[in-house]
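First up is the structure itself, then whatever we jot down about it.
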Amino acid sequence: MSDLPTKDAEKGSIVTVGDFVEAARERIPLEVIAGGSRLDAVIEETILNRPGLALTGYFENFAWKRVQIIGNAEAAYLSSLSPSEQSKRFRALMAHRAHVFVFTAGHSPPKPIITLAEKAGTVLLRTTVETFEFSRHSIFIMESLAAPRTSIYGTMIEVCGLGVLFEGAPGMGKSETALGLIKRGCALIADDLTCIRKDVASNRLFASANDTTAGFMEIRGIGIIDVLKVFGVNAIRGEKRLQLVITFKRLQDIAGEMDRTGQTRMTRDILGVKVPNIIIPVSEGRDLVNLVETAAQQHKLLLTGYDPVSVLSSRLHNRAGKQKS
């Protein structure tokens, strides 16, 4: 799942069994017992199911599209059956289109079931992790894998604790501004191309770099730099919530459109989430590093509920009222 997001991924990514096994490697190692040639099978619903009732023969509302967990209760029930009956029950599950099973808590599939799965192309996985822990980690992993995704040409930096994305035409100084902020103690998320995923549950966006270019920047006149080697581990972040988009535009292009007070609140729609958007005019001599840092600090203040435009407007209104009286 480290490839760049495609246009279709904006609606949610397709998750295969192989994707899940690979993504789970560090948290919940999974051993492939059968169906290794079918790891490209799609997990149609990225959630888990305990098929206890189905094992007894009741298939009303059976969630066959999900990964089926065989935990302590299911394993104990299977062990109470004869080998032929075990095969019969599993054959019924597969006849109802269940095609991915995980045996948790160190339980192993009985040999008749392994043989049946190999013939049918059903994937059997095994983990030593207890069922509760497996379920907890799996839900997080699959939600992350299936999350809607997109990619944006821009540079993402953590500024004053906020995830800030710079966008604009080539040559506007995005990478150079990011470099100046890194030297002030900010951290790089992604340069030039930023990968965005949506957490559906919280309706929030999270940004990261593509695996290939993570940690590297291209600076005109210098070339490619390794941010980790040059500035140290504190200058890098793996993923950060996207909270502010700053768009760089040439001053002459927006001279008649500028809101000098900042009263107009603009947003950028990314994957259906509205992200606050600030336009910063770019012209010779403007200190973009200082402007971006100030914009981030101002946005943090707005998040607390303090609006300087409203406060100043109230003061001016009160002063005008006193002068009239």
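The values are calculated or read from the model by the stated rules, or taken from the named source; none is laboratory data. Model, not experiment: these values are computed from the prediction. All Cβ positions, glycine included, derive from the backbone under ideal geometry; neighbour counts span all protein chains shown. The accessibility values were calculated without ligands, DNA or RNA, using every heavy atom of the protein model including side chains. Shrake-Rupley method; radii C 1.70, N 1.55, O 1.52, S 1.80 Å.
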Taking only the Cα positions of the stretch 216-325, the convex hull volume per residue in Å³ is 190 Å³
XL table K88/K111; K198/K249; K240/K300; K183/K240; Cα-Cα > 23 Å flagged, in table order, is K198/K249
Mean separation of Cα contacts under 8 Å (at least 6 apart) over the residue count of the chain, i.e. the relative contact order in percent, is 15 percent
Within the stretch 280-323, DSSP-loop trypsin sites (Lys or Arg not before Pro) with at most 14 other C-beta atoms within 10 Å are R286
With every protein chain kept in place and a 1.4 Å probe, the chain has an accessible area per residue in Å² of 54 Å²
Over the stretch 279-325, the quotient of the Cα radius of gyration and 2.2 N^0.38 Å is 1.66
Under the helix-only model (-39500 (n - 2.57) for each DSSP H run of 4 or more, divided by the residues of the chain), the mean residue ellipticity at 222 nm, to 500 deg cm²/dmol, is -10000 deg cm²/dmol
Whole-number value, in Å³ per residue, for the convex hull of the alpha carbons of the stretch 23-91 is 119 Å³
The chain: longest segment with zero exposed chymotrypsin sites (Phe, Trp or Tyr not before Pro), where exposed means DSSP loop plus at most 12 other C-beta atoms within 10 Å, is residues 59-305
Diffusion coefficient in µm²/s returned for the chain by Stokes-Einstein, Kirkwood Rh over C-alpha pairs, 10 °C and 1.306 mPa s, is 68 µm²/s
For the stretch 155-234, listing trypsin sites (Lys or Arg not before Pro) in a DSSP loop whose Cβ sees at most 15 other Cβ atoms within 10 Å gives R184, R220
Phi-derived 3J(HN,Hα) across the stretch 63-68 with the Karplus relation (6.51, -1.76, 1.60, θ = phi - 60°), rounded Hz, x for Gly and Pro, is 8, 6, 6, 9, 5, 9
Of every hundred units of 1.4 Å-probe accessible area on the chain, the number belonging to carbon and sulfur atoms, as a percent, is 51 percent
Rg from C-alpha atoms of the stretch 92-244, normalised by the globular rule of thumb 2.2 N^0.38 Å, equals 1.48
With Rg from the Cα atoms and Rh as the Kirkwood inverse mean 1/r over Cα pairs, the stretch 173-244 has an Rg/Rh of 0.99
In the stretch 30-130, the GluC sites (Glu not before Pro) that sit in a DSSP loop and have at most 12 other Cβ atoms within 10 Å of their own Cβ are E60
